[in-house]
C-alpha cells in the first residue's frame, strides 16, 4: 500500500517573545509586506511488502515523486527566469534611454558652446566697432573744436579793410581817431 500527500510549510519572522497562542493564520499573510517563505513538502508512505516487489514499487514511487518535484522545480525556475528576463529587458531599455539622453545633452552642450563662441566673436566685433566710433567721435570733436577756434580768430572784430576804410573816413571828417567806436579793431589774421 502506498499513500501520497503534500504539505505546505510556511515560515516567517516573529518577535522573540511571541507565544504559540499569538501565532494565527494572519501571521502568515503576505499583504502586510512581510516576508513569508513557503515550501511544498511531499510525503510518500509505503507499507512494506515482499522484498522484490518492495524494491520495484519503491523505485517507481521514487521516480514519480522525483518527476513531480522536477516539474515543480522547472515551473518555479521558468517563472524566475521570466521575471529576471523582464527585469533585464527593462534595465536595458532604461540604459538605452539614459545613453540617448546623455548623447543628446552632450550634443546640445557642444552646440551651446559653439553658439557661445560665435556670440563672443560678435560681441568683440561690436565692442571694437563701438571703440572705433568713440575714437572717430573724439577725433571729430577735436576737429570741430579746432575749426571753431580758427573761425573765432577769423571772424573776431572787423576785417582790416573796413578798419582802414573807416580810419580814412575819420581823417576826412576831421574827427579825432580817439573817438572812434571801440569795437572797431585793426587785426590782421594770417
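Derivation of every value follows stated rules applied to the coordinates shown; laboratory data play no part. Worth saying up front: this structure is predicted, and the values here are computed from it rather than measured. Because the Cβ atoms are built from the backbone with ideal geometry, glycine has one as well, and the counts that use them run over all protein chains shown.
Between residue 37 and residue 104, how high is the FRET efficiency from 1/(1 + (r/R0)^6) when r is the Cβ-Cβ distance and R₀ = 41 Å? Nearest 0.05.
In this case the efficiency is close to 0.35.
Suppose the chain between residue 59 and residue 71 were pulled fully straight at 0.36 nm per residue; how much longer would it get relative to their current alpha carbon spacing?
2.5 nm
Would you report the distance distribution of C-alpha pairs in region 1-47 as whole percents per 10 angstrom bin, up to the bin with the largest distance?
Reading upward from the zero bin: 21, 39, 23, 15, 2.
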